[in-house]
1. Report the net charge of residues surrounding SER139, where surrounding means a beta-carbon distance below 11 angstrom and charges are Lys +1, Arg +1, Asp -1, Glu -1.
2. From the alpha carbon gyration tensor of the chain, can you work out the equivalent ellipsoid semi-axes (sqrt of 5 times each eigenvalue) and give them in Å, largest to smallest?
3. For the chain, find the longest principal axis of its Cα atoms and tell me its angle to the long axis of helix 166-175, 0 to 90°, nearest 10.
4. Net charge within 14 Å of MET117 by Cβ-Cβ distance, Lys/Arg positive one each and Asp/Glu negative one each, not counting MET117 itself?
5. So which residue, out of ASP42, ASP106, ASP165, gets the largest mean-square fluctuation from a GNM of the chain using Cα contacts under 10 Å as springs?
6. Taking a threshold of 30 Å on the Cα-Cα distance, which of the pairs LYS145/LYS216; LYS124/LYS145; LYS89/LYS209 fall above it?
7. Considering only protein heavy atoms, what is the solvent-accessible area of ARG127 at a probe of 1.4 Å, reported in Å² to the nearest 10?
8. Under 20 Å Cα-Cα from LYS29, which lysines qualify once same-chain neighbours fewer than 8 residues away are excluded?
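The values are calculated or read from the model by the stated rules, or taken from the named source; none is laboratory data. None of these values were measured; they are calculated from a predicted model. Cβ placement follows ideal geometry from the backbone for every residue including glycine, while neighbour counts extend to all protein chains displayed. Just the protein is used for accessible areas: all its heavy atoms, side chains included, with ligands, DNA and RNA removed. Shrake-Rupley method; radii C 1.70, N 1.55, O 1.52, S 1.80 Å.
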Amino acid sequence: MMDEIFYEIFNNLPRQGPGDVCVSLEALKSIPFPNSEIRMADIGCGTGFQTLYLAQHIKGSILAVDNYQPYLDELKQKAEAVGLDSVIKVQLGDMNALELPAAYFDVLWSEGAVYIMGMENGLKNWRKFIKPQGYIVFSDVCWLKPNPPKELVDFWYNEVPGMMDVRQIQELIKENDYTLIREILLPASSWVNNYYYPLSMNVARLRIKYLHEPDKLEVIESIQYEIDIFHKYSDYYSYKFFVVQSNR
Ligand SMILES: C[S@@+](CC[C@H](N)C(=O)[O-])C[C@H]1O[C@@H](n2cnc3c(N)ncnc32)[C@H](O)[C@@H]1O
């Protein structure tokens with residue numbers, strides 16, 4: 001039942017996490033592709049806001065993977081509607097146990113999703129799917145400055161227990177034998193425009209709908225709390241894109 005209210009709160013959003021396709025394209029541009037077609041996988045694609053845009057800017061194909069079939073159905077429908085269904089294929093799968101061919105992809109892409117298995121696990125486990133010297137591009141939340149207030153630390157360590165600062169992420173990338181090609185900070189607008197703003201409208205609507213259902217209201221308020229925390233403390237953290245190339 002609690003899963004249902006989560007999906008209802010996150011229903012009908014343009015995307016399921018912070019992001020900005022201008023930044024996605026900047027990240028894409030930092031990968032030196034020859035003119036040949038490339039194979040990309042988008043892990044934790046959600047309804048594919050970024051997948052659709054990336055598909056318009058590459059030659060080749062994108063396999064979009066998520067573990068929630070309704071998101072994939074929506075992406076498939078959108079891809080068909082805009083004539084990108086020959087470029088984007090969808091696959092239901094768990095990012096911890098991906099059923100993908102080995103050494104097959106030029107790029108594994110993942111926006112706002114690798115935290116689910118942990119960045120280190122992602123870097124270690126996903127390498128086998130990319131070609132030698134292939135690329136992984138991911139965005140994840142990180143601390144931007146020291147000494148965040150306790151209220152903020154309590155919130156984020158509950159959401160993302162291993163949340164790191166930028167220097168720790170750079171070290172992790174190096175320790176795992178990747179070269180950091182580029183990092184790009186997501187601006188505050190990328191949290192709000194396509195994510196927190198429409199999410200706050202869902203929250204407002206569902207507060208009215210579930211006025212007399214305290215269990216659901218508690219979940220709804222916890223999402224509003226996340227939005228409030230962002231507006232209060234957004235200078236302490238954000239999402240960053242990391243474009244990394246395997247050294248193997
Ligand atoms: C924060 S959303 C990000 C979605 C999208 N990349 C974006 O930036 O809008 C995380 C996505 O990961 C998916 N997900 C959660 N657990 C997963 C798992 N174990 N394997 C694959 N996908 C998963 C969710 O269904 C959701 O679509």
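1. Working: positive: LYS240; negative: ASP20, GLU111, ASP140, GLU183.
Neighbour charge sum, excluding SER139 itself: -3.
2. Numbers: eigenvalues 176, 104, 48 Å².
They are 30, 23, 16 Å, listed largest first.
3. 40 degrees
4. Working: positive: LYS124, ARG127; negative: ASP66, ASP94, GLU120, ASP140.
Local charge sum for MET117: -2.
5. ASP165
6. Numbers: LYS145/LYS216 34 Å; LYS124/LYS145 27 Å; LYS89/LYS209 36 Å.
From LYS145/LYS216; LYS124/LYS145; LYS89/LYS209, over 30 Å: LYS145/LYS216; LYS89/LYS209.
7. 30 Å²
8. Result set, ordered by chain and number: LYS59, LYS131, LYS240.
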